[in-house]
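In what follows, a structure is listed as structure tokens, so that the remarks can point back to it.
The values are calculated or read from the model by the stated rules, or taken from the named source; none is laboratory data. Quantities reported herein were computed from a predicted structural model and do not represent experimental measurements. Heads up, the Cβs are rebuilt from the backbone with ideal geometry, glycines too, and the neighbour counts pull from every protein chain shown.
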Amino acid sequence: MNNMSSNKIDKTHLLQRFFNRIFPQKNNEVPDKWMKLSVKEKNELSKKYLSKAETLLQKNDLKALKYFEAASELAPSDPENWFRQGVAFYQYAILENQEKAFQLANKNFTVASQLDTENFDIWLNWGLTLTQLGKAHSELHFLTDAKAKFETAIRLSDSQSPEKKGDLYWKIGLLWTAISEASGEAIDLRMAIQSFCTSSSYQNNASSDFWRDFGNAYLQMGLLINDSKMYFQSIEYFRKVVKSNSESYEGWFCLAQAYTQLYINTIDEHYYNHAHECFTQALKKNNTKIELWLNWAQLLGEAGILNKDPQRLKLATQKCIRAQNIDPRHPLVIGQWTESLSQLGLFTNRLDLMIESENKIIKAVDQFPDEPELWYAYGVCLMAFGKYYEEPDFIEAAIEKIQHGISLDRSCAELWHILASAYYELGYFLEDVEIFQQSCDFFSRACDLKPSCPSLSFGYAKALLKLAECTADIDSLKKGTALLEAIIQSHKTAILQHPNWLFYYALSLFLLGELTDEEKYYTKAIELFLHVILVDPQYPDIYFKTALCFSHLAEITLEKEVFSKAINYFMLAVKQEPENDQIWLEWGLTLTHLADLSQNETTAQAFFKEAEQKIMRSGQLGNQHAYYQMACLLSLTRRYSQAMEFIEKAQLFDALPPIEEIMEDDWLENLRYTQAFSDFIACLETNQNTAEEL
């Protein structure tokens, strides 16, 4: 018993030294009159000093420390004394953001728990204090200690009221949320959600703060595992917050965040509108929060890029300016500003805006070289220059910056996405199959990290289609088609807002038709292309692709009606793009097919004449493949000398197919019987053999 008293007194002296080190005060001698007081009188005086100290500390008057010290001297073995001091320092730390006060509270609860091991309130408040210390220091051991204290509180909670049990599990939910921030593990958020559920079962009328914290756990889970169901659940709880307190800034801001993530996961304008309205409501409650302006700018920037909408991008830059007025050096603000400004410049053909964005990001990466978000923005900026100038060197420079960002954070799906997009653009510039393959690999990595994001899946599908188009790889094509099918099935409500999904799905089916010669793919592709025309009659390339689909289907079915539809859509295509040489060439080839199949000589000659005009127009617009196709048409119409002139021009411009294809081309059958053609082929073979020997 004497040893226990000695430990208590040692702990008391430890706290006194702790007080004096953290909050230096003039030391006072213990008054002689205290020595004459009875134990009861000392306890009563201790309570008086304790109440005085609590009142002073609430007023931010550090004279309270003198009274706390006096209370401790008078009743060092009273657990309530140490408990109340711990609570007072905890509350002071919360109000004044004083981390040192949390440390004092921790010491007080340590003594209190040794004096009274079965006091529920001591263990509950000790757990709260350690949770705050863990969040302040970002150190997991404080949070682990807090969990142990809460576990003891659970053991002692049987006799507690439902309200206190509900409060305990609420605080445990907050602890697990903090642990998840440190660990990045979904299991910790599941524990948080489970604790909030348990807390809810004990509460008849939960507060708006509880629903905010519960909703935040679901929001963080959604961000971690990219699951829209989590966002829907968080929205349900955040709505409870604003329903009970329509003036709650946090409620509206959290709702805006949840709707923003839902928009990114669905690309549904309905959720964009909700997010925008919630940001507007949050602004009415508090316009001084940098988080509000930044998150709003991110929503507008994302929507502006997805929809190629300069107005939203302009609004995003305005929000960044408001955020910068609050914190001029915030790296995320500079990153978002750079991204939105460069894209605004690209979409509006404003080089000055792109140069301004580049100047911002160059300064930012010098100041904050370890921020991966800034290297992401740098990559976006350089890619905009690459598209503007049609210069691959900018894309290669962008790739270098993005790769540096990935070296800082390999778990960021957005960085892998922009890297994949950069390789996709570079593949177009250089017409390099290996680069398209790398793009697909990087898209795959991004989708693994964020599997429910349609913009990532759509980018991956496009890259697979391009790879299949270049290599005739049916496996890549089928994989891309399956991705597009999944996007459309999962986001049916957003299809009308995104006709590009339908367009590329139709394109994938068209390519499957080309590789397999199966009529069903062309039929389905035509149906989808026609849907795109209904949604957006001015969608780029839509009439040309529809015409091609009808043309290739006609070659299989040999139906004049299908040929006629192809020709009608070629007419619409040239109205949409009169200078597109490929449209004129394909139109001419379709007419050539129709002429070759025609049983009526007069009709056939009319089609041949029209086909010749279209192919010639293609050549005039710079299509070098028109020379070979004109040679084929002239072979069909038995104008052999002219045919040889055009096939020789095709050779001159290196626009001939391989010799094997030339020898198997049905349209050149008439020409192959001529001596000039035989000599030409012999010369080609000689040149080929010589090249191989070299």
Exactly one condition in (1) under 18 Å from the mean Cα position of the chain (by Cα); (2) surrounded by fewer than 15 Cβ atoms within 10 Å (Cβ to Cβ) is false for SER444; which is it? (2)
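Listed here are the residues, each with its yes/no results for (1) assigned to a helix (DSSP H, G or I); (2) without any contact (Cβ under 8 Å) to a residue 40 or more places away in the chain; (3) out of contact with any helix residue (DSSP H, G or I) (no Cβ under 9 Å at 6 or more places or on another chain); (4) farther than 27 Å from SER228 by Cα.
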position	(1), (2), (3), (4)
LEU484	yes, yes, no, no
ILE488	yes, yes, no, no
THR493	yes, no, no, no
PHE503	yes, no, no, no
LEU507	yes, no, no, yes
LEU515	yes, no, no, yes
TYR522	yes, yes, no, yes
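Only one of ARG672, ARG639 is over 51 Å from the mean Cα position of the chain (by Cα) and buried (at least 16 other Cβ atoms within 10 Å of the Cβ); which?
Just one listed residue meets the conditions, ARG639.
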Residue satisfying all of: in segment 114-142; more than 14 Å from ARG155 (Cα to Cα) and of a type in the set (Asp, Glu); surrounded by the most Cβ atoms within 10 Å (Cβ to Cβ) among these: ASP116
Scan segment 67-109 residue by residue and report those that are β-branched (Val, Ile, Thr) and surrounded by 18 or more Cβ atoms within 10 Å (Cβ to Cβ). VAL87
Could you tell me whether segment 396-408 includes any residue that is surrounded by fewer than 24 Cβ atoms within 10 Å (Cβ to Cβ), among the polar types (S, T, N, Q), within 26 Å of ILE495 (Cβ to Cβ) and free of Cβ contacts under 8 Å to residues at least 40 places away in the same chain? no
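Conditions tested, residue by residue: (1) of a type in the set (Phe, Trp, Tyr); (2) farther than 21 Å from TYR504 by Cα; (3) not in a helix (DSSP H, G or I).
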| site | (1), (2), (3) |
| --- | --- |
| VAL380 | no, yes, no |
| GLU396 | no, yes, no |
| ILE399 | no, yes, no |
| ARG410 | no, yes, yes |
| LEU415 | no, yes, no |
| SER421 | no, no, no |
| TYR428 | yes, no, no |
| PHE442 | yes, no, no |
| ALA446 | no, no, no |
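Let's see how each residue does on (1) in contact with a Ser or Thr (Cβ under 8 Å, 6 or more places away or on another chain); (2) under 16 Å from LYS42 (Cα atoms):
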| position | (1), (2) |
| --- | --- |
| ASN60 | no, no |
| TYR67 | no, yes |
| GLU73 | yes, yes |
| SER77 | yes, yes |
| TRP82 | yes, yes |
| VAL87 | no, no |
| TYR92 | no, no |
| LEU95 | no, no |
| GLU99 | no, no |
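Name the single residue, out of those in segment 334-371 being among the β-branched types (Val, Ile, Thr) and surrounded by fewer than 24 Cβ atoms within 10 Å (Cβ to Cβ), that is farthest from TYR389 (Cα to Cα). Outline the logic, then answer.
First, the residues of segment 334-371 that are among the β-branched types (Val, Ile, Thr): 334, 338, 348, 355, 361-362, 365.
Now restrict to residues that are surrounded by fewer than 24 Cβ atoms within 10 Å (Cβ to Cβ): 348, 355, 362, 365.
Details: THR348: 14, ILE355: 13, ILE362: 20, VAL365: 24 Å.
Here the residue is VAL365.
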Among the residues of segment 527-567, write down those that are free of Cβ contacts under 8 Å to residues at least 12 places away in the same chain, assigned to a helix (DSSP H, G or I) and closer than 22 Å to ALA595 by Cα. GLU561, SER564
Selection status of GLU579, farther than 29 Å from ASN687 by Cα and not in a helix (DSSP H, G or I): yes
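Please work out which residue is modelled with the lowest pLDDT, limiting yourself to segment 601-626 and to residues that are of a type in the set (A, V, I, L, M) and in contact with a Ser or Thr (Cβ under 6 Å, 6 or more places away or on another chain).
Restricting to residues being of a type in the set (A, V, I, L, M) and in contact with a Ser or Thr (Cβ under 6 Å, 6 or more places away or on another chain), the top hit is ALA604.
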Are any of the residues in segment 427-443 touching a Lys or Arg at 6+ places or on another chain (Cβ under 6 Å) and over 20 Å from GLN261 (Cα atoms)? yes
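Quick one: would you say GLN403 is under 18 Å from the mean Cα position of the chain (by Cα), polar (S, T, N, Q) and part of a helix (DSSP H, G or I)?
Numbers: under 18 Å from the mean Cα position of the chain (by Cα): yes; polar (S, T, N, Q): yes; part of a helix (DSSP H, G or I): yes.
Taking the combined requirement at face value, the residue satisfies it.
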Within segment 563-570, does at least one residue satisfy the condition of being modelled with pLDDT of 95 or more, more than 38 Å from the chain's Cα centre (by Cα) and among the aliphatic types (A, V, I, L, M)? yes
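Does ILE187 meet the test of being surrounded by 14 or more Cβ atoms within 10 Å (Cβ to Cβ), in a helix (DSSP H, G or I) and of a type in the set (Val, Ile, Thr)? Talk me through it step by step, then tell me what you get.
Working: surrounded by 14 or more Cβ atoms within 10 Å (Cβ to Cβ): no; in a helix (DSSP H, G or I): yes; of a type in the set (Val, Ile, Thr): yes.
No.
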Counting only residues that are of a type in the set (D, E, K, R) and in contact (Cβ under 8 Å) with a residue 24 or more places away in the chain, which one in segment 602-626 is nearest to GLU579 (Cα to Cα)? ARG617
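Within segment 453-462, identify whether any single residue is small (Gly, Ala, Ser), closer than 18 Å to ILE305 by Cα and either touching a residue at least 40 places away in the same chain (Cβ under 8 Å) or touching a strand residue (DSSP E or B) at 6+ places or on another chain (Cβ under 6 Å) (or both), and answer yes or no. Please lay out each step first, then the result.
Initially, segment 453-462 is screened for residues small (Gly, Ala, Ser), giving 455, 457, 459, 461.
Filter again for closer than 18 Å to ILE305 by Cα, leaving 455, 457, 459.
With either touching a residue at least 40 places away in the same chain (Cβ under 8 Å) or touching a strand residue (DSSP E or B) at 6+ places or on another chain (Cβ under 6 Å) (or both) added as a condition, the list becomes 455, 459.
For segment 453-462, residues small (Gly, Ala, Ser), closer than 18 Å to ILE305 by Cα and either touching a residue at least 40 places away in the same chain (Cβ under 8 Å) or touching a strand residue (DSSP E or B) at 6+ places or on another chain (Cβ under 6 Å) (or both): present.
Quick grid of which residues meet (1) closer than 29 Å to LYS545 by Cα; (2) in a helix (DSSP H, G or I); (3) more than 51 Å from the chain's Cα centre (by Cα); (4) not polar (S, T, N, Q):
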| position | (1), (2), (3), (4) |
| --- | --- |
| LEU656 | yes, no, no, yes |
| PHE680 | no, yes, yes, yes |
| THR686 | no, yes, yes, no |
| GLU692 | no, yes, no, yes |
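In segment 82-116, what residues are among the charged types (D, E, K, R) and within 18 Å of TYR49 (Cα to Cα)? I'd like the intermediate steps shown before the answer.
Step one: of segment 82-116, the residues among the charged types (D, E, K, R) are 84, 96, 99-100, 107, 116.
Scanning segment 82-116 gives a single hit, ARG84.
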